[in-house]
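What follows is a short report on a single structure.
Readers should treat all values here as calculations from the given coordinates under stated rules, not as data from a laboratory. Small disclaimer: the values here were computed from a predicted structure and weren't measured. Glycine also receives a Cβ, built like all others from the backbone with ideal geometry; neighbour counts cover every protein chain displayed.
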Amino acid sequence: MKAFLEKFMGAAKADKFEDKPGINEQLKYRVNALYDLIANIYGSDKLVLRAGKLDALKLMRSEILSKRVLALQKIIFEDAVTDIEPDHEEIPIILDKIEDKISDYLARRSLEDELERKIKEKMNERQEDYLQEIKMQVIKENTGPENAQTLKKLAVLEKLEHKKLSSTAMEFLRPTCFGEIIGQERAVKALLSKLASPFPQHILLYGPPGVGKTTAARLALEAAKNISGTPFVKDAPFIEVNGTTLRWDSREITNPLLGSVHDPIYQGARRDLADSGIPEPKLGLVTDAHGGILFIDEIGEMDPILQNKLLKVLEDKRVFFESTYYDPGDQSIPRYIKKLFDQGAPADFLLIGATTRSPEDINPAIRSRCAEVYFDPLTPGAIKQIVNQAADKLNIGLEDKVAEIISEYTIEGRKAVNILADAYGMSSYRNEETAYEQKKLYICELDIYDVVQTSRLTPYVLYKASSRKETGKIFGLGVTGFIGSVLEIEAITFSARQPQRGNIRFNDTAGSMAKDSVFNAASVIRKLTGEDLNNYDVHINIIGGGRIDGPSAGVAMLLAVLSTIKDYPIPQDIAVTGEVSIQGKIRAVGGIAEKIYGARQAGIKTVFIPAENFSDIPRDIKNIKIIPVSSVEEIIDYIFPNTKFNQSVS
């Protein structure tokens, strides 16, 4: 740096003062050289202006060396306050500091000049590239994100929007009011009663498929809006989703139901947020449903962990978001994102869930927060009514037995409408082929049977009941997925080849509890008649090999075995259900309503149920007799009247 100064100062500064005659002369020469140097740096005019601002102009023009050094000190260090003139010993020290300051400045300016030179060279080299980039930027600003390719794809989409088929038969025939939901008057009333209060409840809808659960839920909100006192406003949303389609990631990367956070690195938050490293919350369906209803069809198929997360939202009525990328102290975060992270998103909605599963399969915590409404299985009469209603909407005529035939092949309203729609298509096709065009389409029995054959349908419920009597055969009742069914149970006994060496054989496919019921029945029979089943080879069979999950067929098996031992015939238009205890008591079982409907569809005239299940009998049940019984003796009085066995028991 000393060599750098000597370039400007020449011989103004010697290595040692002693080599020059007179120290004062050397200092003056050194000060003059510094003034010349700063005049070259700032320019004469600017130097005068700078000295004037710092109150150093008079000092700079003084003949006194100490004053001129003070002026230099003010100018170089921009110090207008200092007014103390340095003494003779301090002048060399101050000059050294001034030279160091000037050296730093000159070095920095030299570096800046070098950088500026290189920048100019680079700009000259890449001038064309820079111009091209500027042109592209101007084009983007003028045209936006569109180009010829994106505009072409947009035109294709808009063209597709103008191509529409007529609505499907299912859409056209879908009920538009509660009055069109057949066979569910009691369930619909219960559903609306849960919404009519100022404090509506979360609801779970149980029932077999195709009976109107989803349709009723769709109509529920509109009906609730027109009921005074309910909290639903006119624009309250109805958000519908299927539980089987709800997918989520355990890392919370995505969760369409509750919402998720897109981090700025891996998940592609909005570009302006990603560039700033800000996570972006994505709101879920629970927030979309805020103030309205969230309907989850097949809620029993949802992931169990997701069900637990939904419970938390139902409790808090808010959704909270978390992210390791969120910095609450970052001032660049938009206020709406800060609000979502700090306070969460509102999610105050009413949950309506529909399921075909049994209540035991639903999360107990969800069940405890919801009112439960059960939709009944559809009877053949309800199916006929649905078919006739659909025919009126389609403006078609039906032969007399068309609705009855359809009712034999399904107990689902949706399936019945599908069969009718298929027959409607066949009728339309036949009308097209005829030489004349009918004014009104007409569906005959042959059209229905054509649909049955092409769709490989089988009768859903066979008419099993009869007016005759049979020994060792009785009808039990079972439930599968809210659908009641009739079980044909038969028994046969033979005297054992050796006393006390008899065997009892039962279906291997039946459940263990059903097999236990056989041994309970053996004890009761021995108590009532004195007969020891160990003296018999007993074979009990469930026709069709059905699995009996539970003890509800205990009474039926007891009566079948008792019938074959005593050779007393059993009427084939009755059915029984109930658990039998070893004391001969008939205990309560589940699914009474479904079992009664199933028995009625099979043509059963009388059903015996446990007296403990009396409150489970449907109030509107018709065309079937229900007899509650408490013990085996009571049911024997009904089934085997005027017999020797009956008299001995009495």
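Observations on the model:
- Check: the chain dipole with +1 on Lys, Arg Cβ and -1 on Asp, Glu Cβ, in debye: 1520
- Prolate is the label for region 469-649, because the ratio a/c of its alpha-carbon gyration tensor axes (a ≥ b ≥ c) is 1.5 or higher and a/b is greater than b/c.
- Lysine pair count for region 469-649 (Cα-Cα distance under 17 Å; residues 8 or more apart in sequence or on different chains): 13.
- Extension gain from TYR336 to GLU185, taking 0.36 nm per residue of separation minus the Cα-Cα distance: 49.7 nm
- Remark on GLY397: its backbone amide H falls under 5 Å from those of LEU441, TYR442, ILE443, a criterion applied only to residues 5 or more positions apart or on other chains, H modelled at 1.01 Å from N.
- Cα centroid separation - region 360-425 against region 549-593, whole Å: 32
- THR529-ILE621 pseudo-label distance in nm [points 7 Å out on the Cα-to-Cβ vector]: 2.8
- At an R0 of 35 angstrom, the distance between the Cβ atoms of ARG505 and LYS469 translates into a FRET efficiency of 0.90.
- Local electrostatic count, SER630, Cβ distance below 10 Å [Lys/Arg +1, Asp/Glu -1]: -1
- Each Lys or Arg adds one and each Asp or Glu subtracts one; over the other residues with Cβ under 11 Å from the Cβ of PRO328, this totals -2.
- Hz values of 3J(HN,Hα) by residue in region 56-73 - Karplus curve (6.51, -1.76, 1.60), Gly and Pro given as x: 10, 5, 5, 4, 5, 8, 6, 8, 7, 5, 5, 5, 5, 5, 4, 5, 4, 4
- Positive-end residue, the chain charge dipole about Cα centroid, Cβ charges, pick of MET123, SER495, PRO256: SER495
- Within straight-line cross-link reach of LYS101, lysines at Cα separation under 17 Å, skipping those fewer than 8 residues along the same chain: LYS2, LYS7, LYS13, LYS74
- 15 Å reach of a label modelled at ASN24, 7 Å along Cα-to-Cβ, counting backbone N of region 68-94: 68-69, 87-89, 91
- Taking a straight Cα-Cα cut-off under 15 Å and skipping sequence neighbours fewer than 8 places away in the same chain, the aspartates and glutamates within cross-link reach of LYS384 are GLU180, ASP392, GLU399, ASP400, GLU404, GLU408, GLU412, GLU445.
- Rounded to the nearest 20, the Cβ-based charge dipole of region 172-374 about its Cα centre (Lys and Arg +1, Asp and Glu -1) stands at 580 debye.
- MRE, 222 nm, helices only [DSSP H, n ≥ 4, -39500 (n - 2.57), over the chain, to nearest 500]: -14000 deg cm²/dmol
- Cα-based equivalent ellipsoid of region 380-454: semi-axis lengths in Å, sorted from largest, via gyration tensor: 21, 13, 9
- For SER631, distant residues with modelled amide H under 5 Å away: ILE586
- Inverting the pair-averaged 1/r between distinct Cα atoms of the chain gives 34.6 Å as its Kirkwood hydrodynamic radius.
- Using the Cβ of SER407 as centre and a radius below 15 Å, the other residues enclosed give a net charge of -1, where K and R count +1 and D and E count -1.
- Residue among PRO328, LEU350, ALA39 farthest towards the positive dipole end of the chain, charges placed on Cβ: LEU350
- For region 196-344, the tally of Lys pairs with Cα-Cα distances below 30 Å comes to 27, considering only residues 8 or more apart or on different chains.
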